[in-house]
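Below: the structure, in structure tokens.
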Amino acid sequence: MLKVGLTGGIGAGKSEVSRLLAGYGAVVVDADRIAREVVEPGTPGLAAVVSAFGESVLTPGGELDRPKLGSIVFSDPARLRVLNEIVHPLVGARSAELESAAGPDAIVVHDVPLLTENTLAPLYDLVVVVDAAPETQLARLTGRRGMAEDEARARMAAQATREQRLAVATLVIDNDGPLDALEPQVRKVWEELTARAARVARAAAEDAGPDSGG
């Protein structure tokens, strides 16, 4: 098994890279999706969030009001830290379960937005960073996602800097340009991942072989 960490700042295009890698055959473990699952109604995660932030972060239907919670935590580092301390252990446990269920020859891509912030790079065989300039991120957030500029800037400021992400990168995908420039880069990264996975498999087979004294 080859364990890959995939990360990038908000608006960098990490989700599209993740989708393309899944299409090539990667087993994608999506931390954002899991983070939503662990705070669904009736879960211990949601109960802990409500205990920390109050019932005002719930919708009338009893679900987590994500925009309301986001408006609280992304402008207050201390409150964001409280939320992360609740959610991250739950996400980590579920991610480990999904990784264990993948086959021994799988290339498992952990799609982790806060990989750099939480110093998770050592958990993976290599790290792929989807990179875009801050101006590009801001334009995408306010344009495609319709986010207010102050909210977009607050969310970007709550994450690691571009330089911090690049410092932990094994491979970098430049997504500053148009979408049609992305796929060839992802294909090249996939070729590198499959080559590395093959080397890992060969090494494992050699280690498992009979020793000279057998």
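None of the figures in this text is laboratory data; all of them are computed from the coordinates on show. If you're wondering where the values come from, they're calculated on a predicted model, not measured in any experiment. Cβ: placed from backbone, ideal geometry, glycine included. Neighbour counts: every protein chain shown.
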Item to check | Distant-in-sequence amide H partners of A26 (H built 1.01 Å from N, under 5 Å) | outcome: none
Item to check | Partner lysines for K188 [C-alpha distance under 17 Å; skip if fewer than 8 residues away on the same chain] | outcome: K14
Checklist entry - Taking the Cα-to-Cβ direction at V50 and at R187 and moving 7 Å from each Cα, how far apart do the two end points lie in nm? => result 5.0
Checklist entry - Expressed as a whole number of Å, what is the distance separating the alpha-carbon centroids of the stretch 43-76 and the stretch 146-214? => result 32
Checklist entry - Which of these values of semi-axes √(5λ) of the Cα gyration tensor in Å was calculated from the structure shown: (1) 33, 23, 14; (2) 29, 21, 15; (3) 23, 19, 18? => result (1)
Checklist entry - Taking the Cβ-Cβ separation of E40 and A106 as r and a Förster radius of 22 Å, what is the calculated FRET efficiency to the nearest 0.05? => result 0.25
Item to check | Rounded to whole Hz, the Karplus (6.51, -1.76, 1.60) HN-Hα couplings of the stretch 56-61, x for glycine and proline | outcome: 5, 8, 9, 6, x, x
Checklist outcome for this item: Here the FRET efficiency for D32 versus A96, based on Cβ atoms and R0 = 22 Å and rounded to 0.05, is 0.85
Item to check | Residues with amide H under 5 Å from that of E63, placed H, sequence gap 5 or more | outcome: none
Checklist outcome for this item: Per the 1/(1 + (r/R0)^6) rule, R0 = 25 Å and r from the Cβ atoms of V172 and E135, FRET efficiency to 0.05 is 0.90
